[in-house]
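Chemist: First, the structure itself, so that you have it in front of you.
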């Protein structure tokens with residue numbers, strides 16, 4: 001499958017590597033596709049990997065991944081071109097983190113969410129919110145002592161969610177669908193909880209699991 | 001220890017029974033302490049159990065538990081008398097659930113939370129938010145296949161949180177402190193996630209665990 005990744009930070013590169021290892025073709029989209037970290041990633045990742053502008057990556061992908069800092073998300077979507085994402089599955093990994101006060105807070109919540117905003121910014125795309133409540137180091141092939149962690153996802157299109165669930169399961173996640181994109185209102189605070197635990201303990205090797213009987 | 005429980009619903013009775021089994025003295029507080037479900041609970045629970053008004057239960061407890069429906073929470077605190085709770089540990093189990101639209105939403109969030117409101121309503125109490133992100137059937141001695149679930153807690157008083165952690169651990173929980181009472185902004189959406197999964201699957205036998213390496 002062809003996957004376009006919008007964003008070349010830690011998250012974008014980790015997911016890009018993970019998809020390429022599984023045999024997918026990955027195009028990394030960036031404001032600056034010539035920058036060193038992108039060139040290094042291409043060299044390391046091999047023939048399945050390419051890079052281009054946000055627009056080129058969006059046009060390339062059958063599935064796209066939005067993995068940019070929240071403050072740049074709307075602009076990244078403008079640059080990618082919502083028309084390049086129309087009808088496609090877009091995995092929204094963003095979190096509306098705001099550290100401007102010195103402490104973590106979410107820039108949006110309760111009656112709205114980043115996931116819903118992203119869906120509004122690309123109304124013809126099938127946005128699936130997921131991957132946002134674990135650190136990039138554990139997104140691909142998460143290994144924890146007590147069983148596979150749980151990745152929650154939500155979105156308005158059932159078929160899109162099933163496609164994303166297949167990708168997540170290939171990475172080793174146990175996947176749970178929690179409804180429409182408005183459930184991002186719960187998954188973004190879950191990311192904040194993940195970060196809060198990390199900040200308080202200065203450890204970043206944790207993940208949630210939903211236990212069942 | 002003497003524990004006053006404000007609220008005689010499923011949550012209040014489950015916790016009251018759990019505390020009594022551990023040897024604590026429990027007084028259940030109610031608007032109607034003579035009602036049948038309270039009399040039955042007293043009969044079943046035995047000599048460690050008593051019942052009275054909200055005010056009597058609040059005055060009785062060295063620790064109090066707020067376990068009422070959110071719509072009645074402020075009134076319950078008025079009836080209990082914040083002066084009866086001054087200086088005491090108050091475990092806030094409430095969730096600001098609002099089903100008035102037909103679907104679940106939270107009545108407060110993002111920039112405020114039920115936990116913070118409860119703390120403001122009893123400014124001299126040491127409010128600890130916890131127990132809100134699992135169903136009453138699993139609050140005491142939770143048994144799941146893959147290890148003990150995690151109970152998060154938050155509050156502004158470290159000593160109060162340690163006392164509550166001891167009670168939680170006696171019930172079999174693994175306890176994680178996630179900071180001041182404002183972290184209720186993450187624990188109440190976590191409850192909404194718990195409920196959303198339950199509603200979608202019509203199963204209520206689940207709990208969160210934070211996996212670590």
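The values are calculated or read from the model by the stated rules, or taken from the named source; none is laboratory data. The model shown is predicted, which means the values in this text are computed figures rather than measured ones. Cβ atoms come from the backbone with ideal geometry, glycine included; neighbour counts cover every protein chain shown.
Chemist: Name every residue in the stretch A:155-175 that is within 25 Å of residue B:213 (Cβ to Cβ), within 16 Å of the chain's Cα centre (by Cα) and not in a loop (DSSP other than H, G, I, E, B), in order of residue number.
Modeler: Within the stretch A:155-175, A:165, A:167, A:168, A:169, A:170, A:175 qualify.
Chemist: Checking residue B:146 against (1) over 18 Å from residue A:208 (Cα atoms); (2) within 12 Å of chain A (Cβ to nearest Cβ), which single condition isn't satisfied?
Modeler: Every listed condition holds for residue B:146 apart from (1).
Chemist: Could you look through the stretch A:187-212, keep only residues that are under 18 Å from the mean Cα position of the chain (by Cα), closer than 14 Å to residue A:97 by Cα and facing chain B (nearest Cβ under 7 Å), and pick out the one that is surrounded by the most Cβ atoms within 10 Å (Cβ to Cβ)?
Modeler: A:189
Chemist: Separate question: Could you list, in sequence order, the residues of the stretch B:115-127 that are in contact (Cβ under 8 Å) with a residue 40 or more places away in the chain and in contact with a strand residue (DSSP E or B) (Cβ under 7 Å, 6 or more places away or on another chain)?
Modeler: B:115, B:118, B:119, B:122, B:125, B:127
Chemist: Within the stretch B:75-110, which residues are over 25 Å from residue B:168 (Cα atoms) and assigned to a helix (DSSP H, G or I)?
Modeler: From the stretch B:75-110, those over 25 Å from residue B:168 (Cα atoms) are B:75, B:78-79, B:81, B:83, B:98-110; that's our starting set.
Scanning the stretch B:75-110 gives B:75, B:78, B:79, B:83.
Chemist: Quick one: count up the residues across the stretch A:160-186 that are at the interface with another protein chain (Cβ under 8 Å from one of its Cβ atoms) and more than 21 Å from residue A:63 (Cβ to Cβ).
Modeler: Step one: list which residues in the stretch A:160-186 are at the interface with another protein chain (Cβ under 8 Å from one of its Cβ atoms), which gives A:176-179, A:183, A:185-186.
Next cut, more than 21 Å from residue A:63 (Cβ to Cβ) only: A:185-186.
Residues in the stretch A:160-186 being at the interface with another protein chain (Cβ under 8 Å from one of its Cβ atoms) and more than 21 Å from residue A:63 (Cβ to Cβ): 2 in total.
Chemist: Only one residue in A:112, A:157 is touching a residue at least 24 places away in the same chain (Cβ under 8 Å), surrounded by fewer than 23 Cβ atoms within 10 Å (Cβ to Cβ) and at the interface with chain B (Cβ under 10 Å from one of its Cβ atoms), so which one is that?
Modeler: Values: A:157 fails: at the interface with chain B (Cβ under 10 Å from one of its Cβ atoms).
After ruling out the rest, the residue left standing is A:112.
Chemist: Could you list, in sequence order, the residues of the stretch B:181-211 that are out of contact with any helix residue (DSSP H, G or I) (no Cβ under 9 Å at 6 or more places or on another chain) and either without any contact (Cβ under 8 Å) to a residue 60 or more places away in the chain or in a strand (DSSP E or B) (or both)?
Modeler: Passing the criteria: B:197, B:200, B:201, B:202, B:209, B:211.
Chemist: State all residues of the stretch B:68-99 that are loosely packed, with under 15 Cβ neighbours inside 10 Å and within 14 Å of chain A (Cβ to nearest Cβ); if no residue qualifies, say none.
Modeler: Scanning the stretch B:68-99 gives a single hit, B:98.
Chemist: Kindly indicate whether residue B:137 is modelled with pLDDT of 95 or more and within 13 Å of chain A (Cβ to nearest Cβ). Before you say what the answer is, go through the steps one by one.
Modeler: On the way: modelled with pLDDT of 95 or more: yes; within 13 Å of chain A (Cβ to nearest Cβ): yes.
In short, yes.
Chemist: Would you mention how many residues in the stretch B:116-131 are within 13 Å of another protein chain (Cβ to nearest Cβ) and part of a loop (DSSP other than H, G, I, E, B)?
Modeler: The total comes to 0.
Matching residues to (1) touching a helix residue (DSSP H, G or I) at 6+ places or on another chain (Cβ under 7 Å); (2) without any contact (Cβ under 8 Å) to a residue 60 or more places away in the chain; (3) within 28 Å of residue B:192 (Cβ to Cβ):
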site: B:37; (1), (2), (3): no, yes, yes
site: B:55; (1), (2), (3): yes, yes, no
site: B:87; (1), (2), (3): no, yes, no
site: B:95; (1), (2), (3): yes, no, yes
